[in-house]
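The values are calculated or read from the model by the stated rules, or taken from the named source; none is laboratory data. Everything numeric in this text was worked out from a predicted model, so none of it was measured. Methodologically, a virtual Cβ is constructed for each residue, glycine included, from the backbone with ideal geometry; neighbour enumeration extends over all protein chains shown. Quick note on the areas: whole protein, heavy atoms, side chains included, nothing else; ligands and nucleic acids left out. Shrake-Rupley method; radii C 1.70, N 1.55, O 1.52, S 1.80 Å.
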Amino acid sequence: MPKPFNTLTAIAAPIMRGNIDTDVIIRIERLVGNSIRGTLGKWAFGALRYLPDGSENPEFILNREPYRQAEILITGPNFGCGSSREGAVWSLQEMGIRAVIGSSFGDIFFANCFQNGILPVVVDKEIVDGLAAEVQQTQGAGRISIDLQQQTIISPSGQRHEFAIDPRRRAGLLEGLDEVALTLQRDDEIRAFQAADRAERPWIHLAKKAVGNHA
Amino acid sequence: MQTPARTLLAKIWDQHVIARISDDTDLLHVDRHLLHDLGGSRGLLDLRNRNLPVHNPELTFATPDHAISTARGRAGTSKVGQELLAGLRTETSATGIRMFDVDEPGQGIVHVIGPELGLSLPGCLIVCGDSHTCTHGGLGALAFGIGSSELTHVLATQALIQRRPKTMRVRFEGRLPVGVTAKDLILALIGHIGAAAGTGYAVEYAGSAIRDLPIEGRLTICNLSIELGAKMGLIAPDEKTFEYLRGRPYAPEGEMWEQAVAAWRQLPSDPDALFDREVVIDVEKIIPQVTWGISPEHVIGVDGRVPDPSEVTDHARRAAIETALDYMGLIPGAPIAGTPVDWVFIGSCTNSRLSDLRAAAEIARGRKVAAGVRAWVVPGSETVKRDAVAEGLDKVFTDAGFEWREPGCSMCLAANGEVVAPGQRSVSTSNRNFVGRQGPRARTHLASPASAAAAAIAGAIADVRTMGS
Ligand code: SF4
């Protein structure tokens, strides 16, 4: 179940390159295995964060103070494009990121954020660029505040921006809802749908097999 | 009474609404759920930990593809790869899910086997924990990738909450020039409108060039929808679709087949249906495409030149080009053809079907892979492999110096340890040229199967049109 998200005031790190894909956020070999949760924070942005010899790349923003403490990422367009790997969100979460602000996101990444209590905020590119510029002017010291209840972002200099968000997703984040449990409360509707659909599209509803593969 | 004109997407969507959640969000029924080795057993274990049964195991299918080795006998599958495979076997067996195991017809890349088995059908809603699920849209299905949490949700409920996307129609008009394939069409589109253009949209591909394409080409087109930013891509089913599906193992039969086809004929977008965005592409102007950078939108015709950042005034664009050229080790303004390559990879859910292997074999036949180039052919499924062997394609490839592998994702993702070495250059028929996609610091150029085979023979990026068979 995701952790609820309400308000956040935190250091923000701008990563402004466009089209940062989920392969860049987390390399696939870190995701091969069934017990990877808790191991990923170290590997987020691995290709940017570490030099070929494994040492930290001092140039990369998240290796510099105060950005090491960042809980918010300010991102370029189409951040999180590419694969469906939820490990990308897990790795951000495990390195302490709680919100991402950008002008657009990869669709599947965007949905995955909500499943894990990370707030993705979509605002106009001018606002994103303005926030990044303010953060850079303060060498990262200027904090950004996000209020999900009010749907506002406050920039380091105190500029207030509103953002839109799907009410259902907002409620889910505020309360940390368990979607599986909620949908299972509608199981009667699911079964009624299937019964009616079986008459209309019988080819969709295959016969149940005996348990086991080797029938 | 007149019913309002609807798109293909709207017709499929409406059919699957179990309940309306909000104005633009619905609880949708999932008709087919595909599991693979990378996330399948994790999802099933997740369910077990929550003490929940699989809602509809008979609508769920599994196969290993991502983490298994593609060497003969699957030699060299890593320890975790083996654990994932064992986990998938145990968990599917315990829950009554049909798994297509290694060496068995039906095994292969999830997006190759779905259509091949007739699991993917027109009008069907298909999900899989993999972003290239959009591939199945080539049959007129509504198919899209989901994350791990959504995967667990589907296992537990056979349903998914989704927001209705905006609609885009891309019409490819005209006749395909010689040497130009489905892969070139979709790469050219991504280059033209950008890798983020499809974000938030479901894209319907239409137009005379799409109608002329065989089904396997349509699957290739839809496969790269996600590289356009679109989670869903789809093509209206037609007689070709029905002919392709007839007689496949999970396709309906007899009277039910007739009933299904009658329903499928109703699916195409109504003539006056409205789309939120329309794009028209003149295919007669397209030539074989190859990527030069680290996003699929970094693409040019094979007769083109690598961009020169000094000629670009926009600061962000210039920086992006510089980063890409630096990573790719290319000289600004240089012709892309003639760039020496180390690796050629023919495979992946984009281009590993029989027609792709035939196109590559046609170029490879009677020729030799250039010295210093390693070239792999990885069929998309056990069935593709057997069909190709029956035609002697494996022999064509091995005679030319290609390696003929077992089916799987292999070097598309390099999750199974099959990687391009750091700094090496690969021409690949897959779908992503992202930084490190084929291995840390590997340099990937995306191209069609024929263009990839041409690169293997030439030892460099080459214009397939100059290499007639
Ligand atoms: S072939 Fe590549 S893109 Fe396709 S499913 Fe496998 S890893 Fe994903």
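Odds and ends about this structure:
- Annotation note: of B:LEU35, B:LEU59, B:LEU9, the sole residue that is within 16 Å of the ligand (Cβ to nearest atom), aliphatic (A, V, I, L, M), buried (at least 16 other Cβ atoms within 10 Å of the Cβ) and under 23 Å from the mean Cα position of the chain (by Cα) is B:LEU35.
- Matching helices (runs of 4 or more DSSP H) fully within the stretch B:142-213 where at least 3 residues are within 14 Å of another protein chain (Cβ to nearest Cβ): B:148-157, B:182-193
- Among the residues making up the stretch B:412-444, those that are closer than 15 Å to B:VAL373 by Cα and within 16 Å of the ligand (Cβ to nearest atom) are B:VAL419, B:VAL420, B:SER426, B:VAL427, B:SER428, B:ALA442, B:THR444.
- Which numbered condition B:MET1 fails, given (1) assigned to a loop (DSSP other than H, G, I, E, B); (2) open to solvent by 20 Å² or more (accessible area, probe 1.4 Å); (3) at pLDDT 95 or above: (3)
- When the stretch A:166-190 is filtered for residues that are more than 12 Å from every other protein chain (Cβ to nearest Cβ), open to solvent by less than 30 Å² (accessible area, probe 1.4 Å) and either not hydrophobic (A, V, I, L, M, F, W, C) or not in a helix (DSSP H, G or I) (or both), only A:GLY176 remains.
- Restricting the stretch A:82-106 to residues that are closer than 18 Å to A:ALA12 by Cα and more than 11 Å from the chain's Cα centre (by Cα), the residue that is nearest to the other protein chains (Cβ to nearest Cβ): A:SER104
- Residue in the stretch B:346-366 that is nearest to the ligand (Cβ to nearest atom), counting only those that are open to solvent by 30 Å² or more (accessible area, probe 1.4 Å) and in contact with an Asp or Glu (Cβ under 9 Å, 6 or more places away or on another chain): B:SER355
- Of all residues in the stretch A:157-165, at least one satisfies being among the hydroxyl-bearing types (Ser, Thr, Tyr), open to solvent by 10 Å² or more (accessible area, probe 1.4 Å) and modelled with pLDDT of 95 or more.
- The stretch B:251-262, residues that are open to solvent by 40 Å² or more (accessible area, probe 1.4 Å) and either under 19 Å from B:LYS11 (Cβ atoms) or touching a helix residue (DSSP H, G or I) at 6+ places or on another chain (Cβ under 8 Å) (or both): B:GLN259, B:ALA262
- All positions within the stretch B:63-101 that are among the β-branched types (Val, Ile, Thr) and closer than 21 Å to B:VAL419 by Cα: B:ILE68, B:THR70, B:THR77, B:VAL80
- Some residue of the stretch A:1-8 being out of contact with any strand residue (DSSP E or B) (no Cβ under 6 Å at 6 or more places or on another chain) and open to solvent by less than 30 Å² (accessible area, probe 1.4 Å): yes
- Taken across the stretch B:80-92, residues that are in contact with a strand residue (DSSP E or B) (Cβ under 7 Å, 6 or more places away or on another chain) and open to solvent by less than 10 Å² (accessible area, probe 1.4 Å) do occur, with at least one present.
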